[in-house]
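What follows is one structure encoded as structure tokens, with my remarks underneath.
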Amino acid sequence: MECVDPGKTFSSWRKAARDLLERRVAPQNVLWETGGLFGSAVVRETAQPCVIPKVPAAFLDLAQTVSYHNDPDRWPLLYKILWRITHGGERHLTSIAIDPDITAARLMEKSVRREIHKMHAFVRFRLMDTDAESGRERYAAWFEPDHYIVEPGSTFFKKRFSNMDWSIITPKGCAHWNGKSLIFTPGIAKNPIANPDQIEAAWLTYYRSIFNPARLKVKAMQTEMPKRYWKNLPEAELIDELIGSSRPRVDQMLTEELRPVKPRPKNAYLDKLANMSKEEREE
Amino acid sequence: MELQSKLAILADAAKYDASCASSGAVRGDSLNGTGVGSTGGAGICHSYAPDGRCISLLKLLLTNSCIYDCHYCINRRSSNVRRAAFTAEEVVKLTLDFYKRNYIEGLFLSSGIIRNADHTMEQVIAVARTLREVHDFRGYIHLKTIPEASAELIETAARYADRISINLELPTQKSLDLLAPEKSLTRTRLAMGKIRHKLDEAHDRRKNGDKKLRHATGQSTQVIVGADASTDADFLARSDDLYGNFKMRRVYYSAFSPIPEPSKILPLKAPPLIREHRLYQADWLMRFYGFKTSEILTPEMPNLDLDLDPKLAWALRNRQDFPVDIQTAGREILLRVPGLGVRNADRIIHIRRHTRIRLTDLARLRVSLSKVQPFIITADHHPNSMLLDSDKLRARFLPKPVQLELF
């Protein structure tokens, strides 16, 4: 049994995996331990390293995404798949969706993708300050992702908000954009952003008003916006109140007196429309 | 009036529009611009309201004053609802403020009809123009257009927007005459035809090298379900017409929903949400599964079965076509198996080249076994032929009786 430290990123794992492959170390003989007491990712010299066959791009894509997952088992799983591709003669393994290893990896890939998508959706920026000279605004957001997705999730914000400065602060790493470069720094355990943002009041008004009390579907909401995100979404504080008041609001509508139909007012434009419709009917 | 009050009125007035899609725009971002915004790829839902609906766009009416009298609409002229109007600057500022905080993908702007169609269109366009030209806003814009507006104005709207739409609201002229006397099916179809032509032109220009062309990429529409006696067959026939003739990206079905200002000729009922859902399912069968309207509904049965999804209902009426061998059946046959979606059908076709498919494999693809089993043959499974013939099959799929949901 060999202890190996995969490090924290795809590239550190990749380096360690290459070394193992060259020395033909089978997956069952490897113990992957991040920051482990015994192992290290130091490349060992071997007399005759075997040549690693070219690895399909589809695997690299999959492995890169899976590497952002928070499950420590991702490293041995990826190595097992890699071993089967390079030493087991299963070059097309990644396309076998029913293989148990691939199923497991695809599930992790899916959670990572979903979390990136939710980051794009649920990060909420607050205005910190505006540069008096240039007028350039600086925003910051606090977000708590389940997986290590700050790096892959940040390109989107760079493209979308390239003309404002922003920081996304999370316990799993932070991203900062200053208009020129995207910088990543280690995570911060607690939300440091204290400033309230005046626009939040308008956002809450919007959320309250766009809700239709006659079509309550709480489960549908929660499937797409799970509760674990609520604490960082300002609008979520309204949810209970909106659900609670929906039934009385609908009952109120249903008992409302029916409004009579009024005759068409004198209006040249409405007359014109009526004439057009009449001609259409006659055609 | 204070901005917050206007926002409350004009967002409330806009909430009956079901569409909130922000997908399908040309890819673009603000890296080489001066403002904010990016589009392209799948849309993003930035929040969800307790009605289960996605909040992707800032959906507003410019004003809820309206000279039309559509009886299903809270903003009709005979309603006593409180009226308000935004200035263009107010909408522009709200859009940018919300966008920069990552609350929204962009703006969905509609308006009550004020004075006439052209005047109203001009007001709506002014907002989009300011966003695009003054603020270099590159986020998503959906503009509602009016069939009677001039072709030039509609084209101007399309140049600033990513998506434009005209709401048909009801599937036949008969229904419109009753509930929306100012609306005309003929004029709406005519305008949709012109829009399609412009969209096609823009598509060609983009294909021939004008990659950065700013122009809407699609149109959509909405119909209200359950406001009158229109049958599901009426709706699906109209959708067929709209998808086929005008390349609609989407037809939205919106269950008629109680409004605070009920009209005498349209008494309120609770919305039949399940009917709306079944129509969406049927709509997907037509667009992605190769079903014809005539297969989904028949003259004797003009409404969808509310208890069963339309594909399952079709399969139960056509048991002679089953069971289907998963190992050999063609794609179009697999797509007709209840419980198999487009993605899984394609995966099965890929996988079966390498392996004999068994039930456990389908379970790994997260196919619902209890749903597909009666209709398929796999290496390790052959359905009980008695079951396929028996009426018990229908009973097997009917929803279990449940207690009414308590509030």
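Data table
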item	result
Those residues of segment B:319-348 which are in a loop (DSSP other than H, G, I, E, B) and either in contact (Cβ under 8 Å) with a residue 60 or more places away in the chain or not assigned by TED's automatic domain parsing to the domain that holds B:Leu393 (or both), in sequence order	B:Phe322, B:Pro323
Identity of the residue in segment A:241-273, within 7 Å of chain B (Cβ to nearest Cβ) and charged (D, E, K, R), that ends up farthest from A:Pro196 (Cα to Cα)	A:Lys262
Unique residue being within 14 Å of chain A (Cβ to nearest Cβ) and touching a His at 6+ places or on another chain (Cβ under 8 Å) when the list is B:Ser263, B:Ser254, B:Ser184, B:Ser165	B:Ser263
Qualifying residue in segment B:134-145 (condition: closer than 17 Å to B:Cys66 by Cα, among the basic types (Lys, Arg) and buried (at least 17 other Cβ atoms within 10 Å of the Cβ))	yes
All helices (runs of 4 or more DSSP H) inside segment A:54-126 with 3 or more residues being within 21 Å of the chain's Cα centre (by Cα)	A:57-66, A:100-122
In segment B:139-185, the residues that are part of a loop (DSSP other than H, G, I, E, B), charged (D, E, K, R) and over 19 Å from the mean Cα position of the chain (by Cα)	B:Glu148, B:Glu182, B:Lys183
Conditions (1) at the interface with another protein chain (Cβ under 9 Å from one of its Cβ atoms); (2) touching a helix residue (DSSP H, G or I) at 6+ places or on another chain (Cβ under 9 Å); (3) touching a residue at least 60 places away in the same chain (Cβ under 8 Å); (4) under 20 Å from A:Phe211 (Cβ atoms); number of the one not met by B:Ala18	(1)
Flag if A:Trp230 is modelled with pLDDT of 95 or more, in the same structural domain as A:Glu137 (by TED's automatic domain parsing), closer than 30 Å to B:Cys54 by Cα and surrounded by 14 or more Cβ atoms within 10 Å (Cβ to Cβ)	no
Selection count where residues are in contact with a Lys or Arg (Cβ under 6 Å, 6 or more places away or on another chain) and surrounded by fewer than 20 Cβ atoms within 10 Å (Cβ to Cβ), scope segment B:34-66	3
Answer residue from segment B:266-288, given it is more than 14 Å from chain A (Cβ to nearest Cβ) and without any contact (Cβ under 8 Å) to a residue 40 or more places away in the chain and is nearest to B:Thr188 (Cα to Cα) among those	B:Trp284
Which numbered condition B:Lys100 misses (of (1) crowded, with 21+ Cβ neighbours inside 10 Å; (2) more than 10 Å from chain A (Cβ to nearest Cβ); (3) over 20 Å from B:Tyr252 (Cβ atoms))	(2)
Residues (under 15 Å from B:Arg163 (Cα atoms) and either assigned to a loop (DSSP other than H, G, I, E, B) or among the aliphatic types (A, V, I, L, M) (or both)) located in segment B:192-228	B:Met192, B:Ile195, B:Leu199, B:Ala202, B:Leu213, B:Arg214, B:His215, B:Ala216, B:Thr217
Test: A:Arg106 is over 27 Å from B:Lys15 (Cβ atoms) and either assigned by TED's automatic domain parsing to the domain that holds A:Tyr68 or at pLDDT 95 or above (or both)	yes
Subset of segment B:9-63 [assigned to a loop (DSSP other than H, G, I, E, B), modelled with pLDDT of 90 or more and among the small types (Gly, Ala, Ser)]	B:Ala13, B:Ala14, B:Ser30, B:Gly33, B:Gly35, B:Gly37, B:Ser38, B:Ala49, B:Gly52, B:Ser56
Test: residue in segment B:23-39 that is more than 10 Å from chain A (Cβ to nearest Cβ), in contact (Cβ under 8 Å) with a residue 60 or more places away in the chain and touching a strand residue (DSSP E or B) at 6+ places or on another chain (Cβ under 6 Å)	yes
Strands (runs of 3 or more DSSP E) fully within segment A:127-240 counting 1 or more residues that are more than 8 Å from chain B (Cβ to nearest Cβ) and in contact (Cβ under 8 Å) with a residue 40 or more places away in the chain	A:137-142, A:165-170
Counted residues, segment B:2-11 - those being facing chain A (nearest Cβ under 7 Å) and in contact (Cβ under 8 Å) with a residue 40 or more places away in the chain	2
Residue within segment B:386-394 that is part of a loop (DSSP other than H, G, I, E, B) and modelled with pLDDT under 95 present	yes
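The values are calculated or read from the model by the stated rules, or taken from the named source; none is laboratory data. In this text the structure is predicted, and so the values were computed from the model without any measurement. All Cβ positions, glycine included, derive from the backbone under ideal geometry; neighbour counts span all protein chains shown.
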